[in-house]
1. Can you pull out the residues in the stretch 10-39 that are closer than 30 Å to ASP59 by Cα and either surrounded by 10 or more Cβ atoms within 10 Å (Cβ to Cβ) or at pLDDT below 90 (or both)?
2. Looking at VAL55, VAL18, VAL80, VAL47, which one is without any contact (Cβ under 8 Å) to a residue 24 or more places away in the chain, touching a helix residue (DSSP H, G or I) at 6+ places or on another chain (Cβ under 7 Å) and aliphatic (A, V, I, L, M)?
3. Report the residue count in the stretch 80-101 for those that are surrounded by 14 or more Cβ atoms within 10 Å (Cβ to Cβ) and assigned to a loop (DSSP other than H, G, I, E, B).
4. In the stretch 57-79, which residues are surrounded by fewer than 10 Cβ atoms within 10 Å (Cβ to Cβ) and either modelled with pLDDT of 90 or more or aliphatic (A, V, I, L, M) (or both)?
5. State the number of residues belonging to the stretch 18-54 that are more than 30 Å from SER8 (Cβ to Cβ) and assigned to a strand (DSSP E or B).
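The values are calculated or read from the model by the stated rules, or taken from the named source; none is laboratory data. Since the model is a prediction, treat every value here as computed from it, not as a measurement. Positions of Cβ are generated from backbone atoms using ideal geometry, with glycine treated the same way; all protein chains shown enter the neighbour counts.
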Amino acid sequence: MKVIWKGSISSGLVNIPVRMFTGGQSHNLDFDILRREDLREIKYKRVCKDDDKEVPWEDIVKGQTLAAPYSVRPKPMATVSTPLKWKELKRGLSPENFTKKNMLKRLERLGGIFLTESSEREWISRSV
């Protein structure tokens with residue numbers, strides 16, 4: 001191997017020569033996942049939840065599900081994704097404080113942070 005850099009590290013009376021070489025080796029260890037009873041290899045399939053069709057790697061993209069402002073979550077208490085003001089953030093804040101039942105009162109009292117048109121407010125009052 002060829003030396004590509006030479007130098008030293010020194011600290012007080014101690015001097016340590018250092019040399020950097022080209023090249024290197026790579027060692028990969030590949031484990032397979034096996035079924036316990038017969039040690040047969042298990043394969044993973046990328047399958048769409050909705051239609052059970054396999055999806056090739058090149059068709060897979062990353063994504064995230066986000067709740068839009070004032071959308072009702074599919075939970076037993078029907079909590080609502082509610083924009084808050086900074087002063088409302090404090091300990092003990094609970095999603096149960098923001099439900100489909102009390103959202104209209106909140107909007108009448110505080111107004112909607114993201115609601116600008118009266119038609120949007122009417123839509124919320126009809127959905128509650």
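1. Residues satisfying the conditions are ASN28, LEU29, ASP30, PHE31, ASP32, ILE33, LEU34.
2. VAL80
3. Residues meeting the conditions: 4.
4. GLU58, ASP59, ILE60, VAL61, LEU66, ALA68, listed by residue number.
5. 4
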